[in-house]
Protein chains: 2
Amino acid sequence: MGYKYNKEDILNVGYEVFRKNGYHNVGINEILKESGIPKGSFYNFFESKEDFAQQVINQYGLSNQSLMEKFFEESSLTPIESLKSFYAMVMDMNEQDNYAGGCLVNNMSMEVGRNIDNLGAAANQHFIGWLNVLAPIIDKGQKLEEIITAYSPMELAEYLHAGFYGALSRTKVTRSRVYMDIWLDITFNLIKT
Amino acid sequence: MGYKYNKEDILNVGYEVFRKNGYHNVGINEILKESGIPKGSFYNFFESKEDFAQQVINQYGLSNQSLMEKFFEESSLTPIESLKSFYAMVMDMNEQDNYAGGCLVNNMSMEVGRNIDNLGAAANQHFIGWLNVLAPIIDKGQKLEEIITAYSPMELAEYLHAGFYGALSRTKVTRSRVYMDIWLDITFNLIKT
DNA sequence: ATTAATAATTAGACTGTTCTGTTTAATTTG
DNA sequence: CAAATTAAACAGAACAGTCTAATTATTAAT
């Protein structure tokens, strides 16, 4: 028999709350209230708010990477179509969320990436992990002559990554997916052979 | 003779501090300390922290729009080269800043754009203002057959805008302009005819 | 198997600091 | 002298984190 609470439940609450409300805008008490655990238990599991946030980032970063790997493994489409359908799926998820949260790792990276070194480094590490999932798919697409070869797979992966997050961030204030859809259309028209 | 302090000095301090450290991470006391004014004077000029931040956003948003307009007016390059050199200039400025702050309006839009409506709306308004500076230049480039015509000037403006901010945000955690430079190269190769 | 000892977890009151914003009085300007 | 501004003490709430005690789970001994 385990104890009453477990870390993962608290991390999941942290994920949702941080993603929607940011880091400095969220107090520990909000995490406690949402997860129903008392303060003593929280500080038994986590050293500090910063340590907690780092574990939240790591949990989401790794689970998102698994999701990406699984998506591309299971996809029966060609590389470029597979990539496009991946972004379309993420965009659908964001629409269902009413464009409220965006990506936790990107939000954290922007808000505290330069002020809290550990959190910035964690965010960057997961970005690199995700890019390393994209690059081999792009490589395949290039070898199949679906995707332009003027740039390396990693360069194009960064290009997709940056463009997508730029477009995603626009949805936060426009509350519309219009330009995110256009981003997808333009990007995949431009990188195809 | 005016009084001892004026709003613009305080707004400039707010610009620098908010840009580098965010909104919720910055207390009024930090603004007071940096600008050397007492609390009473601050609340004489501004209704609240939120009101202050909104005026900071508006001042920077408008001044950046003027800077853009002036840049393109004075540029002797062709439209597409003019656009590219504009982004190169902004990238240089960001490098000189050691990738520490990024764009105030974008940062605010990301951190509080969805939680503090007034600030989100202000950020979005300035984004639209900037896009409306870019679009006519893109239009000219299309008419000169320098730029692809498959997408409208506004669509391409959003594409540049989103991609640039995505690439810019990457510099915050990588502390390197490598992929920002690659973004510039890829983007302008892809949108040229 | 039961019990005793130990370790981990739960619980929430409490601390000291920082937060935004208020208030009242002094000072400066037109 | 009247209005605007300056000045800083003050208030109340929220903040991250600590502390002591209680309960619960695990391990060791019998």
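The values are calculated or read from the model by the stated rules, or taken from the named source; none is laboratory data. For clarity, every value in this text was computed on a predicted model and none was experimentally measured. A quick note on method: Cβ atoms are made from the backbone with ideal geometry, for glycine too, and the neighbour counts reach across all protein chains shown. These accessible areas exclude ligands, DNA and RNA; they are computed on the full protein's heavy atoms, side chains included. Shrake-Rupley method; radii C 1.70, N 1.55, O 1.52, S 1.80 Å.
A few notes on this one:
- With its label point put 7 Å out from Cα toward Cβ, B:Glu95 sits 4.0 nm from the same residue's point in the other copies, in order from shortest.
- Across the identical copies, how the A:Asn29 labels are spaced - nm, sorted shortest first, 7 Å along Cα→Cβ: 1.8
- Working from Cα pairs under 8 Å separated by at least six residues, relative contact order for the range B:72-132 is 18 percent.
- Neighbour count of at most 15 Cβ within 10 Å plus DSSP loop: longest trypsin sites (Lys or Arg not before Pro)-free window in chain A: A:5-174
- Å² per residue, accessible surface of chain A at 1.4 Å: 45
- Protein-protein interface of the range A:145-178, residues with accessible area decrease of at least 40 Å², isolated chain reference, 1.4 Å probe: A:Tyr151, A:Glu155, A:Glu158, A:Tyr159, A:Ala162, A:Ser169, A:Arg170, A:Lys172, A:Val173, A:Arg175
- Ellipticity estimate at 222 nm from DSSP helix runs (n ≥ 4, -39,500 (n - 2.57)) divided over chain B, nearest 500: -25000 deg cm²/dmol
- Positive dipole terminus of chain A, leading residue within A:Gly2, A:Gln59, A:Asn25 (C-beta point charges): A:Asn25
- Across the protein assembly as shown, Cα-Cα pairs more than 30 Å apart make up 43 percent of the total.
- For chain B, built as a Gaussian network whose Cα springs stay under 10 Å, the top-fluctuating residue of B:Gly61, B:Gly27, B:Gly101: B:Gly27
- Pairs of Cα atoms nearer than 8 Å and 6+ residues apart set the relative contact order; for the range A:57-191 it is 29 percent.
- Sparsely packed GluC sites (Glu not before Pro) within the range A:1-106, loop by DSSP, other Cβ within 10 Å at most 12: A:Glu47
- Helices assigned as whole DSSP H runs in chain B whose Cα atoms extend at least 15 Å along their own long axis and whose mean Kyte-Doolittle hydropathy is 1.0 or higher are found at B:178-191.
- Summed over both chains, the accessible area lost when A and B associate is about 4300 Å², using a 1.4 Å probe.
- Set the Cα radius of gyration of the range A:57-191 against 2.2 N^0.38 Å, with N its number of residues, and you get 1.04.
- Ascending list, in nanometres, of distances separating the A:Ser48 label from those of the other copies (7 Å, Cα toward Cβ): 3.1
- Averaging 1/r over every pair of different alpha carbons in the range B:1-139 and inverting the result gives a Kirkwood radius of 16.3 Å.
- Pairwise Lys count, the range A:36-193 - Cα closer than 18 Å, eight or more residues apart or different chains: 8
- Surface share of carbon and sulfur [accessible, 1.4 angstrom probe, percent] for the protein assembly as shown: 49
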